[in-house]
Amino acid sequence: MDKIIKHTDILIVGAGPSGCMAANILKDSGRNVTLLDKYDFPRHKPCAGGLTPKTVEELPFEITDLKQHDSEKMLFKFTNGKTVDLNNESGACKMVVREEFDNFFLNYVKNKGVKLMKGKVIGVNDAPDEVIVETSDYKIKCKFLIGADGANSSVRRLTTDLKFKNPVFAFEGLVDRKLSSRNVPTKFVFNELGYGWIFPKKDHYNVGIGNLVYNSAQPKPKKKDLFSFVKDELDTDEITHITGFPIGTEGNEYIPTSERTYLIGDAAGLAETLLGEGIYNAIISGKYIANSIVGANNPKEVYKEYLKFLMGMKKELALYNKASKILYKKQRMSYWMLKLFFGKKFMNGYSEGKTLTEIIKGKYPFPST
Ligand SMILES: Cc1cc2nc3c(=O)[nH]c(=O)nc-3n(C[C@H](O)[C@H](O)[C@H](O)COP(=O)(O)OP(=O)(O)OC[C@H]3O[C@@H](n4cnc5c(N)ncnc54)[C@H](O)[C@@H]3O)c2cc1C
């Protein structure tokens, strides 16, 4: 049977933060924009739900009703057992629950008139004048396709040769706050490949463990690592809602393969490798691709503009990669650096909404908009 044919100016695959950010700007500029997601919302997305202030500043709405905690105090524990305790009264991280945050963002853009379709991409035909995207029910014809479908992106697989060679992977789960006698602030416990975290929310802790430095002998953390981490830190064995998921890094290798098809967020590998923060780069890439489309007269100009942003992003990601190698591989040195001078600089910089390049080099890494 022939598939139903739909038309839209811009099709965004994936209604997570990167997709919704792009949809919001494109809709505001009067474009006909459609989001396609394989799930009904609210849906679970494995994520600790830490939003840095720079992320919050970029969002088109206030997060007052979504915020569950301000990380005014942060504890960093190193493999030598020593801890560095950092404080800032504005908080270096705002804690949300991802299901709620993503659902709010999606409803925000739907209320503006962004269309939402349910479906999974199974084919892409990038023709000279249009892109035809196929799901099991439809063929959707569009002028631009934006792949915002996360770390396991189908759009990336169908339209580029980009493969993540050293995948970053993390497990997360929930611990009811009543189950632990300890009152723990936002805490990072480093190991040689990454870290375990405790992120406080109103009635629970989001706990997790992830690898950020790739080691082929230990490519993924295991569930039992999460249990032993939580036993040590919160003195309980009860973790619910455990899920694992990759984080899309390695965007340093991404170059758009056509003038009509673009990847953003985790699909493009734009999460950073120091702490695995991905939401900021997801929404900022959504913002830049949308502004590139809005400001351009033709697809060639879109390509040129988005490439400028990607060049800035690659430098930012390289800085995170460098810092990550020092943090995890040279823990004694990192401990002293954080304790003596860098800790305060980072805590204050993050709390003031700065990017890593701004904190270290004093300049904004992306083109001015
Ligand atoms: C355990 C864990 C903890 C994390 N904690 C944090 C944190 O605290 N702070 C932070 O900044 N980052 C964190 N990250 C990273 C962060 O979750 C991602 O960087 C961020 O979600 C990327 O946003 P996105 O919009 O690019 O993709 P996603 O949020 O992954 O959204 C992709 C969307 O695409 C849809 N989709 C996927 N495939 C298809 C398909 N074939 N067809 C149609 N739709 C599809 C999905 O249903 C989903 O809705 C964490 C990641 C993990 C795994």
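The values are calculated or read from the model by the stated rules, or taken from the named source; none is laboratory data. Remember, predicted model here, so these are calculated numbers, not experimental data. Every residue, glycine as well, gets a Cβ built from its backbone with ideal geometry; the counts of neighbours run over all protein chains shown.
Observations on the model:
- The sole residue among L179, L162, L174 that is on the phi < 0 side of the Ramachandran plot, hydrophobic (A, V, I, L, M, F, W, C) and away from the ligand (no atom under 15 Å from the Cβ) is L179.
- Answer from N215, N206 - the residue that is modelled with pLDDT of 95 or more and over 16 Å from the mean Cα position of the chain (by Cα): N206
- The range 340-369, subset touching a helix residue (DSSP H, G or I) at 6+ places or on another chain (Cβ under 7 Å) and more than 20 Å from G278 (Cα to Cα), residue surrounded by the most Cβ atoms within 10 Å (Cβ to Cβ): K345
- Qualifying residue in the range 85-100 (condition: over 17 Å from T186 (Cβ atoms), of a type in the set (D, E, K, R) and within 14 Å of the ligand (Cβ to nearest atom)): yes
- Screening N206 against (1) polar (S, T, N, Q); (2) buried (at least 16 other Cβ atoms within 10 Å of the Cβ); (3) outside any strand (DSSP E or B) leaves a single unmet condition, (3).
- Candidate set: the range 246-286, residues that are of a type in the set (V, I, T) and assigned to a helix (DSSP H, G or I); chosen: the one farthest from the ligand (Cβ to nearest atom): I284
- Looking only at residues of the range 64-117 that are in contact with a Lys or Arg (Cβ under 8 Å, 6 or more places away or on another chain), of a type in the set (V, I, T) and over 18 Å from D203 (Cβ atoms), we find that the one that is surrounded by the fewest Cβ atoms within 10 Å (Cβ to Cβ) is T83.
- The residue list V213, V207 contains one member that is in contact with a Leu (Cβ under 8 Å, 6 or more places away or on another chain), within 12 Å of the ligand (Cβ to nearest atom) and of a type in the set (A, V, I, L, M), which is V207.
- On the stretch given as the range 278-323, residues that are buried (at least 20 other Cβ atoms within 10 Å of the Cβ) and closer than 22 Å to F342 by Cβ total 5.
- Looking only at residues in the range 18-57 that are in contact with a Leu (Cβ under 6 Å, 6 or more places away or on another chain) and more than 8 Å from the ligand (Cβ to nearest atom), the one that is nearest to M95 (Cα to Cα) is A23.
- If the condition is being among the β-branched types (V, I, T) and either at pLDDT below 95 or not in a helix (DSSP H, G or I) (or both), then the range 332-359 contributes only T355.
- Here the condition is being hydrophobic (A, V, I, L, M, F, W, C), surrounded by fewer than 18 Cβ atoms within 10 Å (Cβ to Cβ) and either under 30 Å from V302 (Cβ atoms) or in contact (Cβ under 8 Å) with a residue 24 or more places away in the chain (or both); of I146, I122, I140, it holds for I122 alone.
- Hits in the range 229-260 - residues which are buried (at least 24 other Cβ atoms within 10 Å of the Cβ) and farther than 17 Å from N206 by Cβ: G248, T249, G251
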